[in-house]
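Below: the structure, in structure tokens.
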Amino acid sequence: MYQPAFPLTRDLARKAYQAGLDAIAAGETEFDFAAVPAVDSTAVATLVGWQRAALRRGVVLAFIHVPDNLQSLMDLYGVGHALPRADLPHH
């Protein structure tokens, strides 16, 4: 399980994106956001990029402990459905 522990914000977008890609390359498919201290709209693009990279490898990422503000941004941008939450019941 990959557990980023740094802000998913504009200032760290490249670092965050690369760290996630490295985790995907290492076989991680579950991303736990419990330790992420802050997010902004850049986080949505980062998650979408990670999911696309995973799909190219033939896997789907699952996200857990997504902060409410990040979930709100995902819903606002209309991508919440494309970013599966492992910690919510499936419909």
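With the chain treated as a Gaussian network of Cα nodes joined by springs under 10 Å, which of LEU73, LEU55, LEU47 yields the largest mean-square fluctuation?
LEU55
Given only helices, namely DSSP H runs of n ≥ 4 each adding -39500 (n - 2.57), what is the per-residue ellipticity at 222 nm of the chain, to the nearest 500 deg cm²/dmol? All intermediate terms of the calculation are to be shown ahead of the outcome.
Working: 3 runs with 38 residues, N = 91.
Taking each H run of at least 4 residues, the total per residue is -13000 deg cm²/dmol.
Near ASN69, within a Cβ-to-Cβ distance under 14 Å, what is the net charge of the other residues, with Lys and Arg +1 and Asp and Glu -1?
With Lys, Arg at +1 and Asp, Glu at -1, the net is -3.
Counting only heavy atoms of the protein chains, get the accessible area per residue of the stretch 2-91 (1.4 Å probe) and round it to a whole Å² value.
Numbers: 5060 Å² over 90 residues.
With the other protein chains kept in place, the stretch 2-91 gives 56 Å² per residue.
Let me check I've understood the local charge: for VAL59, count other residues with C-beta under 11 angstrom from its C-beta, Lys and Arg +1, Asp and Glu -1. What total comes out? Write out the running numbers ahead of the final one.
Values: positive: ARG56, ARG57; negative: GLU28, GLU30.
Net charge in that neighbourhood comes out at 0.
Counting only C-alpha contacts under 8 Å and six or more residues apart, can you give the relative contact order of the chain as a whole percent?
Numbers: 129 pairs, mean separation 27.9, N = 91.
Once divided by the residue count of the chain, the mean separation gives 31 percent.
Say a paramagnetic label sat at a point 7 Å from the Cα of ALA25, along Cα to Cβ; which residues of the stretch 42-81 have their backbone N under 20 Å from it?
Only 46-62 fall inside the zone, counting backbone N under 20 Å.
Got a number for carbon plus sulfur as a percent of the chain's accessible area, 1.4 Å probe? Please list the in-between numbers first.
Numbers: 2760 of 5170 Å².
With neighbouring chains kept in place, the figure for the chain is 54 percent.
Net charge near SER41: determine it from the other residues with C-beta under 14 Å of the C-beta of SER41, scoring Lys and Arg +1 and Asp and Glu -1.
Details: positive: ARG10; negative: ASP11, ASP40, ASP75.
Its environment carries a net charge of -2.
Taking just the C-alpha trace of the chain, give me its Rg and Dmax in Å.
Rg and Dmax of the chain, Cα atoms, are 11.8, 35 Å.
The values are calculated or read from the model by the stated rules, or taken from the named source; none is laboratory data. In this text, all values refer to a predicted model and were calculated from it rather than measured experimentally. Glycine also receives a Cβ, built like all others from the backbone with ideal geometry; neighbour counts cover every protein chain displayed. Accessible surface is based on the protein model in full, side chains and every heavy atom, while ligands, DNA and RNA are left aside. Shrake-Rupley method; radii C 1.70, N 1.55, O 1.52, S 1.80 Å.
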